[in-house]
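See structure below.
The values are calculated or read from the model by the stated rules, or taken from the named source; none is laboratory data. Computed from a prediction, not measured in an experiment: that's the story for all the values here. Because the Cβ atoms are built from the backbone with ideal geometry, glycine has one as well, and the counts that use them run over all protein chains shown.
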Amino acid sequence: MIVKHKIDNREVDALMKRLDRSMRNLDEPLRDIGDVLENSIMENFDVGGRPRKWPDLSKVTKRARAKKGKWPGKIGQVSGQLVNSIAAQPPRGLSVKVTHGKEYGDHFHYGTQQKVTKKQQKWLGLNLGMWRRVGDTIKNPPRPFMVIQDEDVKEAEVILIDHLRRAIKGVR
């Protein structure tokens, strides 16, 4: 006796096709993840560094900012140009990218150490009250702001899992 059994796998095929289409186009969840990361980086400015606080400003810098009416205030936000330049870029392939658009952003993030030039000597003295000799070293400590937090990674995972769940259910 031969028993023949035909399995109807149309539902499984349809599900696999939906998952395949969904995984080929991750633009929507990647945009959402980009928004999460962008907001997180902006929050780093709001709280003055995360997970560790940034080093405080020097007394000289505070005094100079106070003269201009910019202190008390937030570190790294005299004009707000750096924090306002942070933006998530449109997804490319399977990646999302958050950037800042200011040249000095890397100096702020990694810190700097530079020797005072003759030209800088006058500017520093007149504008900031920082009278330094030519050749003196000025150090600005790193204040890492392009940092994502553990909770951001978890939120990104949730966004991707929700995307897959919607694909399985056939919901966009």
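The table below lists the values:
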quantity: Residue count for the stretch 122-172, restricted to those that are assigned to a helix (DSSP H, G or I), under 24 Å from the mean Cα position of the chain (by Cα) and aliphatic (A, V, I, L, M); calculated: 6
quantity: Filter pass, Ile2 being free of Cβ contacts under 8 Å to residues at least 24 places away in the same chain, more than 23 Å from Tyr110 (Cβ to Cβ) and not charged (D, E, K, R); calculated: yes
quantity: Tally, over the stretch 129-150, of residues that are on the phi < 0 side of the Ramachandran plot and touching a residue at least 24 places away in the same chain (Cβ under 8 Å); calculated: 14
quantity: Residues within the stretch 96-111 that are surrounded by 14 or more Cβ atoms within 10 Å (Cβ to Cβ) and part of a loop (DSSP other than H, G, I, E, B), tallied; calculated: 3
quantity: Qualifying positions in the stretch 1-32 - surrounded by 11 or more Cβ atoms within 10 Å (Cβ to Cβ), modelled with pLDDT under 80 and under 29 Å from the mean Cα position of the chain (by Cα); calculated: Ser22, Met23
quantity: Which numbered condition Val83 misses (of (1) farther than 23 Å from Val153 by Cα; (2) in contact (Cβ under 8 Å) with a residue 12 or more places away in the chain; (3) among the aliphatic types (A, V, I, L, M)); calculated: (1)
quantity: Filter result for Arg132 (of a type outside the set (A, V, I, L, M, F, W, C) and within 30 Å of Asn39 (Cβ to Cβ)); calculated: no
quantity: The stretch 51-95, residues that are modelled with pLDDT of 90 or more, under 23 Å from Pro29 (Cα atoms) and part of a loop (DSSP other than H, G, I, E, B); calculated: Ser85, Ile86
quantity: Cβ pairs under 7 Å, 6+ apart, first in the stretch 115-128 and under 21 Å from Ala66 (Cβ atoms), second not in a helix (DSSP H, G or I); calculated: Leu124/Val116; Leu124/Met130; Leu124/Arg132; Gly125/Trp131
